[in-house]
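The structure under discussion appears below in the form of structure tokens.
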Amino acid sequence: MNNNKLLAAYEACYHTVSASYAQCLIDVATRQGADHSSLLEAAALTSEALATPSQRLPLGKMIALFESAIEQCADPLIGLHMGQQVQARTFSALGYAAMSCATLGEAIALIPRYESLVYDGGKTTVSANHQQLTVSWDAGLPASLEYQALNEVIVAGWLSFGRWITGEQGWLSEVRFRHSAPLDCSGYDRFFGCPVHFDADDNALCGPDYFTDLPLLQHDGELNTLMARQADSLLTKIQAKQTLADRISHLLDDMLPKGKPQPSHVASALHISERTLRRRLQHEGVSFTQLLNTARFARAKHYLTETPLSLLEIALLLGFSEQSSFTSAFQNWQGCSPSQYRKDRS
């Protein structure tokens, strides 16, 4: 995918990041020689947009920053290097709440709860099995939009921050990334100090579960309570700014490959009744069917132009039970068949 198409695809996503996260990348890139003004220009950002750390920025702008930083610094591992330089403020209120916990386990438990303060598209899962702790992360993006720098800054940032708040350096047994391995893996070996696997099913850090008992160097009960309250307040504001239609659109992207999403499935995921879902969508002037068709159409155009998937495979990924149904729907959306659309853009 060329650069323009890449950025357009991310611009179409609904996900956002905090201004503090974008500022961290800018700081890292400028220390490596990138021009501050050029970075802002590449992402169509202003200094004012970054002045408030909790301000939300579209994911597309963060990807544009990454692309510009990679080019200006000639550093394809900019995500890994950014992750190594994160600080508490990088993670907004989550960072301060985590650093003031009593143990590493308590800090890790805050990630799934407050991670949307940093990036509201991903999902962190913490699991323990056979005395091994695994913290894995899904970007909430289609496989075709899996982005190396984003994966690496999240995973490397976890480890770097964990080392700082515990004072412990070597405790990993394995690291996994969903993207493919770069030509030179020496930077990963030096930083992680354990086997690093690529083309994996998830992005993850793995280590012995007893490390969750590690005490934190800056434990402060009063500060922890204060920052947890602030994190809850910020989280409420973020969620309040999202329309129900926005939240449903996010869910539909995840649900489509598993079959045609039903209103009842979406309502259950949002913890509301199907009747409430339909009523609130009506108030916003949109229907569930419209949102589903919009999500399907956007995904269909992407699959047709950016992947070699067959029409049947695309139909199934969009929740259609057969290819003919997909063809008929696409004809209504675009005014031509999927085959013709692909041919015209090849």
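The values are calculated or read from the model by the stated rules, or taken from the named source; none is laboratory data. Because the structure is a prediction, the values reported are computed rather than measured. Ideal geometry is used to build each Cβ from the backbone, glycine not excepted, and the neighbour counts take in all protein chains shown. These accessible areas exclude ligands, DNA and RNA; they are computed on the full protein's heavy atoms, side chains included. Shrake-Rupley method; radii C 1.70, N 1.55, O 1.52, S 1.80 Å.
Take residue 312 and tell me if it is aliphatic (A, V, I, L, M) and surrounded by 15 or more Cβ atoms within 10 Å (Cβ to Cβ).
Numbers: aliphatic (A, V, I, L, M): yes; surrounded by 15 or more Cβ atoms within 10 Å (Cβ to Cβ): no.
No, not satisfied.
Restricting 79, 33, 105, 95 to those that are touching a Leu at 6+ places or on another chain (Cβ under 7 Å) and either at positive phi or not hydrophobic (A, V, I, L, M, F, W, C) (or both) reduces the list to 79.
Determine, yes or no, whether residue 43 is within 20 Å of the chain's Cα centre (by Cα), over 28 Å from residue 162 (Cβ atoms), open to solvent by less than 20 Å² (accessible area, probe 1.4 Å) and at pLDDT below 95. Yes: the conditions hold for residue 43. Residue selection: residue 45 satisfies the criterion of being among the hydrophobic types (A, V, I, L, M, F, W, C), free of Cβ contacts under 8 Å to residues at least 24 places away in the same chain and not in a helix (DSSP H, G or I).
Does residue 10 qualify as being outside any loop (DSSP other than H, G, I, E, B), modelled with pLDDT of 90 or more, crowded, with 20+ Cβ neighbours inside 10 Å and not aliphatic (A, V, I, L, M)? So residue 10 does not fit the description; no.
In region 317-345, how many are in contact (Cβ under 8 Å) with a residue 24 or more places away in the chain and open to solvent by 40 Å² or more (accessible area, probe 1.4 Å)?
Kept after step one, since they are in contact (Cβ under 8 Å) with a residue 24 or more places away in the chain, are these residues of region 317-345: 317-321, 326, 329-330, 333-334, 338-339, 341-342, 345.
Now drop any that are not open to solvent by 40 Å² or more (accessible area, probe 1.4 Å), which leaves 317, 321, 333-334, 339, 342, 345.
Residues in region 317-345 being in contact (Cβ under 8 Å) with a residue 24 or more places away in the chain and open to solvent by 40 Å² or more (accessible area, probe 1.4 Å): 7 in total.
Entry remark, region 169-228: residues being touching a residue at least 24 places away in the same chain (Cβ under 8 Å) and among the acidic types (Asp, Glu) number 6 in total. Apart from one condition, residue 70 fits all of (1) in contact with a Leu (Cβ under 7 Å, 6 or more places away or on another chain); (2) in contact (Cβ under 8 Å) with a residue 24 or more places away in the chain; the exception is (1).
Restricting attention to region 70-95, the residues that are part of a helix (DSSP H, G or I) and surrounded by fewer than 18 Cβ atoms within 10 Å (Cβ to Cβ) add up to 2. Pairing residues of region 231-259 that are at pLDDT 80 or above with residues that are hydroxyl-bearing (Ser, Thr, Tyr) and assigned to a helix (DSSP H, G or I), at Cβ distances under 6 Å and at least 6 apart in sequence or on separate chains, gives 231/114. Under the condition of being in contact (Cβ under 8 Å) with a residue 12 or more places away in the chain and either more than 13 Å from residue 252 (Cα to Cα) or in contact with an Asp or Glu (Cβ under 6 Å, 6 or more places away or on another chain) (or both), the residues counted in region 296-314 number 10. Among the residues of region 90-106, those identified as among the hydroxyl-bearing types (Ser, Thr, Tyr) and closer than 16 Å to residue 229 by Cβ are 92, 96, 100.
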